[in-house]
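One structure below.
Derivation of every value follows stated rules applied to the coordinates shown; laboratory data play no part. Keep in mind it's a predicted model, so treat the numbers as computed, not measured. Glycine gets a Cβ as well: all are built from the backbone with ideal geometry, and neighbour counts include every protein chain shown.
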Amino acid sequence: MIASHQTPLRKDGFTFKRFFVAHNKSPMKVTTDSCLLGAWVPIDVIPQKVLDIGTGCGVIALMLAQRLENTHCKIDAIDIDHHAIAQCNENSKQASFYSICAKHADINQFRLNQPACYDLIVSNPPYFESAVDCRDIQRQLARYTESLNYQQLINAVKRLLTPKGQFCLVLPYHLSNHFRFLCESNFLYLTQVMNVRYSSKKDFSLALMAFSLSRADLIIEDQLCMRDDDGCYSQSFRQLLADFYLFRK
């Protein structure tokens with residue numbers, strides 16, 4: 001993305017309209033997947049408490065903090081990596097989003113035997129099987145399902161989600177049907193989905209999905225094409241990220 005001004009952008013992270021997300025100390029960097037999820041998560045019903053599982057540098061938590069800044073919502077951002085949590089804390093303070101509380105924690109051990117309290121749970125979870133090891137253990141934990149498999153994620157969501165809350169995540173499109181089946185076999189039901197393709201000539205690559213503990217009368221289904229045939233960002237993509245991205249005019 002290119003800014004609408006000539007000021008050089010910092011290279012140790014990602015520059016948004018209202019804040020900067022440093023990611024040089026976090027094993028997982030700012031990605032389009034996370035940005036799409038942070039902008040898309042439905043917040044028609046304002047949540048009081050949000051949980052970001054596997055927050056990394058904190059980009060999703062920061063985007064939600066901006067969207068919810070005029071509310072009393074509190075955001076817990078957790079990760080198993082010390083460096084990621086330190087960077088999430090730094091990014092939150094730099095952006096002056098004091099609604100975020102970054103915590104070093106394993107979701108499998110987080111708030112055990114405590115009442116469910118989160119109205120919204122979000123995650124950009126690890127999804128690569130570990131056929132090939134990453135160069136360092138932190139990046140491997142962030143990217144591979146060995147550190148958090150789908151059943152563990154679903155178990156944590158069911159334990160922590162309030163009865164009327166929702167769980168939102170982004171997954172590669174080819175894994176989305178499998179994950180939906182796994183959720184529904186655990187009584188978590190799809191309520192909304194947006195399938196994303198990079199361009200009109202490409203197949204779907206991502207699925208943004210929202211689940212709840214109650215079956216929806218009607219599942220809201222949308223599609224998003226990120227780029228037009230000329231390679232420029234599409235109008236729908238620009239509208240979704242309008243409050244965050246620095247687009248060229």
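Observations, loosely collected:
- ³J(HN,Hα) computed for each position of segment 155-160 - Karplus, 6.51 cos²θ - 1.76 cosθ + 1.60, integer Hz, glycine/proline x: 4, 5, 4, 5, 6, 10
- At R0 = 41 Å, FRET efficiency that the Cβ-Cβ distance of Cys101 and Ser200 yields, to 0.05: 0.50
- P(r) tail fraction, segment 40-107 - alpha-carbon pairs more than 16 Å apart, %: 38 percent
- Sequence-distant contacts, meaning Cα pairs under 8 Å at least 6 residues apart, place the relative contact order of segment 13-240 at 16 percent.
- A simple rule links phi to the HN-Hα coupling: the Karplus curve 6.51 cos²θ - 1.76 cosθ + 1.60 with θ = phi - 60°, which for segment 101-115 gives 10, 8, 9, 7, 7, 9, 4, 5, 10, 7, 6, 5, 6, 10, x Hz, with x for Gly and Pro.
- Basic side chains Lys and Arg get +1 at the Cβ, acidic Asp and Glu get -1 at the Cβ, and with that the dipole of the chain about its Cα centre reaches some 500 debye.
- Placing unit charges on the Cβ atoms of the charged side chains and taking the dipole of the chain about its Cα centre, the candidate lying farthest along the positive direction among Ser200, Tyr245, Ser234 is Tyr245.
- Added length on full extension, which subtracts the Cα-Cα distance from 0.36 nm per residue, Lys164 to Leu9: 51.7 nm
- Placed amide H near Val122: partners under 5 Å, 5+ positions off or other chain: Leu51, Asp52, Ile53, Cys168
- Distant-in-sequence amide contacts of Leu246, defined by a placed amide H-H separation under 5 Å and a gap of 5 or more residues or a different chain, comprise Lys17.
- At 0.890 mPa s and 25 °C, Stokes diffusion of segment 69-118 via Kirkwood alpha-carbon radius, µm² per second: 205 µm²/s
- Here is the P(r) of segment 150-233: all C-alpha pair distances, binned every 5 Å from 0, give 3, 15, 24, 21, 15, 10, 7, 4, 2, 0 in whole percents.
- Modelled FRET efficiency - R0 25 Å, Cys232 with Thr31, Cβ distances, 0.05 increments: 0.80
- Inter-label distance, Arg215 to Asn113: 3.5 nm, where each label sits 7 Å from its Cα along the C-beta direction.
- Counting only the Cα atoms, the chain fills a convex hull of 135 Å³ per residue.
- Modelled this way, with points 7 Å down the Cα-to-C-beta line, the labels at Gln239 and Asn155 are 4.2 nm from one another.
- Note on segment 153-200: the C-alpha convex hull projects to 3.8 nm² when averaged across all orientations.
- Hydrodynamic estimate: the Kirkwood radius of segment 1-81 over Cα pairs, inserted into Stokes-Einstein at 20 °C and 1.002 mPa s, corresponds to D of 156 µm²/s.
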